[in-house]
Structures are given as structure tokens and as C-alpha cells.
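Engineer: Below: one structure in C-alpha cells.
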Amino acid sequence: MTTELTAQVCVVGGGPAGLTLAVELAKRSVSVVVLEQSGHFDRSFRGESVSPDSVWLLDRLGVLDRLDGAYQQMHRMEIVDSGSRVLGADFTRFPYPHPYPVEMPQPALLSALAGLGEEHSDHFTLVRRATATALVRGADGTVSGVRARTPDGELTVHARLTVAADGRFSKVREMSGLSYTKIPLERDVVWLKLPFPKEWDDRTYRIRIRGDQHGLFIPTHPDSVRVGFNIPKGGLKELRAKGLTALYERLDQLAPELSDAVRSEIRAWSDTSMLDIFTAVVPQWSAPGLVLMGDSAHTLTPILGQGVNHAIIDAVTLAPLVQRAFTEGGSVAALGRATQEFQRSREESVSKSRALQLRQERLFALHGIGGTFRRTLYRVVDRSQSLKQRVLAGAYFQLQKPGPHAVRPQERTTSHV
């Protein structure tokens, strides 16, 4: 059985990018159908780090009020290299209304966004367990909707504009025929989650480096720490062949505070997750009737939590442009102008973040004499608050204007020494 729906916009992907866009469109009385292949929002090891600019946007959109504190402010960042602290940042000293990045579980964020969308149910429809299988095209090749597979049969959504918000491995991007370049980096990352150690405070991002090995240690609401450590590109098979002992020893070197926890909690490789690290550059984000956004348009690396950040900024940028196109009649030409303006307005910001991430990736990979250079560079930055602000501004403070803090720092929730 085939079901048909009609909307002005069809969004493929119910992650932060797709749901934020859908909510912003529905608020503007633009009808939207969201197709999400999962039946729930319980996503593990997905982007939970939300940059200050996106926190500011989520506050303005009314999302933070719906989360009931189900997120965790980060007040500091600390880099320890070869056992010595080489760089620290105190976000309380950054002069912006929302100076703090936060750790926000995706189930909480996505549920809050879906709830906002349901308040505009005349214009918002979320279809779960719907996997996009094909683009619907007119005789001239213009995209006019999406076909999807659901447990109840095939679903066809007819729409003036189809939005690919289906992530770094975007199927819609592949089906569209839009060209892109996938740039693999020299590392992949193994992720795991552990109980939060009593020795640490839970408001600090920690980066530990030893030689060419590095680990990210991210406090996670309410009482865990996400751990990500680098392995050579494609090196997971070799690491597994060495057994879990190799994983334990890697954590022993980077964070001995976690030695007992990793042995008690990680008893099989299935307790970990591997992230293939690459960036994707898409020269053209749109085609007639179609636009890419978020990771499908510009895949970034995990450094500084830029994936969710740019996804949310994409959404609040694209929504008013699409609304204006529909007020002008919603023609293919009007929507094409809107999607092209969207890319022009966002491309420079994405490029800056990508360049910052790639510089950090190269620094992390240095060892020997290169490691000495890295430590010296970090110490130079550490001595200057203005230099720290300039370095982090490209990732964290592209939208906010300097001003007094609009939020108070959350108190710590775990003991520390």
C-alpha cells in the first residue's frame, strides 16, 4: 500500500538540523513533513556538545526552557600534554551573553524540538521509521518530493522543496547526484562511556596528549564521561586483534584516573563505538527543488563540537529564506534563489570552522620535535586571554555580540579534589 502526503517542504532526517528547521518553518506557517528513519530519539555517541552560539539560539527558540535542566554547562577547557598542563580556558571570562558550551543528550534535545513542532501541528508532521529510498522528480529533473519505506508500506511525500538533513553519510546527497569531495583524515576515534571519576570536576573539557596519542574526555549529563581516543585511519581491526588489553593500556597512559572504570565497564568491543573521521566539501549545496544542510552539506570533525553548532545555525538561517520564497509564490526559481543565498551566507563560517579543526588535527598528530612545537604554541596561547578569545571565537562566538552574561554558571554536580 502506498500512502501520499503533500507539504511545502519535506525534510529528510530528524536530527538537530532537520527538526530545528522544521520547527522554524512550522512557526512561520510553512507546512513541513519530517522523515526520520529511527523509531526513537535514543542515539548513542551522537553529537552532544553544543557550542555557545547554538545555546544562545536554542534559548531564543524556547528550547532550553523545555529541557528542565537536562544539560550540563562546561566552564573550562584544559589541555594536558606529556603530563603538563599547557593550555586552559575559563569560559566565565568570555564576555558574551551565553559564554558556556553545554553537553546536551540528543534524546532530550530532539524530544524538546519535536514537542515544539507539535505545538504547530497544523504545519508540522513527523513520520518515524521512514527510510528515504528515492527522490521524486518531474520531467525536467526538478526534485518534487521523496519516496520512503515504512513499516506500513511505501510513503510518497510531494513537496516544493526537499531538504537533505540526513547526516554525514547522507543518502539524499547520493541520490541527488550533487558532487562532493570526501577528505579522510589520518585518524579515526574510538568512543566509550564510563562512570565519572570522583577526582575530576564535571564542568571541564579535558584533552590529554602523549606523543601522537590523544584523548577527549567529555562530562556527560548526568554522571558519565564520554571518552574518545585516536587510532590510525582504518586501524580498528589491528587494535581489536591486540585484545581489550590494548584499549585498557591506551587509557592508562592518557587518563590513569579511569583505569579501574574502563576495566569494569568495557568488557567487549561492543561496549565501544568507532567514528570514521573525515570532512566532506560540497561545492554546490542545492539543485532545483532540493537543498542540503548540516553534515550532509559540510561534514566536520568532532573537534570543538561544530557539527551540531553548524546544523542549528543552518536551520535558523535557511528557514526565513524559505518562508520568503513561498511568500513570493514558491516557484522553483524563488526557492532556488533562497537556497543559493543560504549557501552564500553560511559557506564562509563553515570554512573557518573547518580550517580551525584541521589545524588542531595536525597539532594533535605531532610528536617528537613536532610535539615540542605543539606544547610551546599552546603555552604561548595560554599566556594571553585575548589570544584565547580570538582562537575560540571562530568556533564558539560567530553570532553573539559581546555583552553581559545572560545565564548564571551551573553548580558542579559531582565531587572533586
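The values are calculated or read from the model by the stated rules, or taken from the named source; none is laboratory data. Everything numeric here is computed off the predicted structure, so don't read it as measured data. Positions of Cβ are backbone-derived with ideal geometry, glycine not excepted, and every protein chain shown enters the neighbour counts. Each accessible area value is taken on the protein alone, full model and side chains, heavy atoms only, with ligands, DNA and RNA left out. Shrake-Rupley method; radii C 1.70, N 1.55, O 1.52, S 1.80 Å.
Engineer: In the range 227-282, what residues are closer than 30 Å to Ala355 by Cα, in contact (Cβ under 8 Å) with a residue 40 or more places away in the chain, open to solvent by 20 Å² or more (accessible area, probe 1.4 Å) and over 25 Å from the mean Cα position of the chain (by Cα)?
Structural biologist: Answer for the range 227-282, where residues must be closer than 30 Å to Ala355 by Cα, in contact (Cβ under 8 Å) with a residue 40 or more places away in the chain, open to solvent by 20 Å² or more (accessible area, probe 1.4 Å) and over 25 Å from the mean Cα position of the chain (by Cα): just Gln253.
Engineer: Right, something else. Quick test for you: out of Glu24, Glu4, pick the one residue that is of a type in the set (Asp, Glu) and either without any contact (Cβ under 8 Å) to a residue 40 or more places away in the chain or buried (at least 22 other Cβ atoms within 10 Å of the Cβ) (or both). Talk me through it step by step, then tell me what you get.
Structural biologist: Details: Glu4 fails: either without any contact (Cβ under 8 Å) to a residue 40 or more places away in the chain or buried (at least 22 other Cβ atoms within 10 Å of the Cβ) (or both).
Residue meeting the stated conditions: Glu24.
Engineer: Conditions first: (1) farther than 30 Å from Arg375 by Cα; (2) among the small types (Gly, Ala, Ser); (3) under 20 Å from the mean Cα position of the chain (by Cα). Gly115 passes all but one, so which condition is the exception?
Structural biologist: Answer for Gly115: the failing condition is (3).
Engineer: May I ask you to list pairs of residues, at least six apart or on different chains, whose Cβ atoms are under 9 Å apart, with the first in the range 151-179 being under 15 Å from Val281 (Cα atoms) and basic (Lys, Arg) and the second being outside any loop (DSSP other than H, G, I, E, B) and open to solvent by less than 20 Å² (accessible area, probe 1.4 Å)?
Structural biologist: Listed pairs, sorted by first residue: Arg168/Phe278; Arg168/Ala280; Arg168/Gly294; Arg168/Ser296; Arg173/Ala164; Arg173/Ala280; Arg173/Leu292; Arg173/Ser296.
Engineer: Can you tell which of Asp68, Asp122 is assigned to a loop (DSSP other than H, G, I, E, B) and modelled with pLDDT of 95 or more? Explain how you work it out, then say what you get.
Structural biologist: Numbers: Asp68 fails: modelled with pLDDT of 95 or more.
None of the others qualify; the one that does is Asp122.
Engineer: Examine the range 148-158 for a residue that is under 23 Å from Leu67 (Cα atoms), modelled with pLDDT of 95 or more, open to solvent by less than 50 Å² (accessible area, probe 1.4 Å) and in a strand (DSSP E or B), and state whether such a residue exists.
Structural biologist: Of the range 148-158, the ones under 23 Å from Leu67 (Cα atoms) are none.
No: zero hits.
Engineer: Follow-up. Just checking: which of the strands (runs of 3 or more DSSP E) contained wholly in the range 250-366 hold 3 or more residues that are closer than 20 Å to Tyr396 by Cα and touching a helix residue (DSSP H, G or I) at 6+ places or on another chain (Cβ under 8 Å)? Working first, answer last.
Structural biologist: On the way: elements: 273-275, 278-281, 290-292.
By residue number, no strands (runs of 3 or more DSSP E) qualify.
Engineer: Search the range 358-408 for residues being of a type in the set (S, T, N, Q) and under 23 Å from the mean Cα position of the chain (by Cα), and hand back the single one that is least open to solvent (accessible area, probe 1.4 Å). Please lay out each step first, then the result.
Structural biologist: Residues of the range 358-408 that are of a type in the set (S, T, N, Q), as a first pass: 360, 372, 376, 384-386, 389, 398, 400.
Those still in the list that are under 23 Å from the mean Cα position of the chain (by Cα) too: 360, 389, 398, 400.
On the way: Gln360: 35, Gln389: 49, Gln398: 61, Gln400: 9 Å².
That would be Gln400.
Engineer: What about Val55, is it open to solvent by less than 20 Å² (accessible area, probe 1.4 Å) and closer than 19 Å to Arg147 by Cα?
Structural biologist: Numbers: open to solvent by less than 20 Å² (accessible area, probe 1.4 Å): yes; closer than 19 Å to Arg147 by Cα: no.
In short, no.
Engineer: Tell me, which residue of the range 60-91 that is open to solvent by 20 Å² or more (accessible area, probe 1.4 Å) and charged (D, E, K, R) is nearest to Ile369 (Cα to Cα)?
Structural biologist: Of everything passing the filter in the range 60-91, Arg85 is nearest to Ile369 (Cα to Cα).
Engineer: Now for a separate question. Cys10 versus (1) in a helix (DSSP H, G or I); (2) farther than 30 Å from Met274 by Cα; (3) open to solvent by less than 40 Å² (accessible area, probe 1.4 Å): which is the lone unmet condition?
Structural biologist: Evaluating Cys10 over (1) in a helix (DSSP H, G or I); (2) farther than 30 Å from Met274 by Cα; (3) open to solvent by less than 40 Å² (accessible area, probe 1.4 Å) leaves (1) as the failure.
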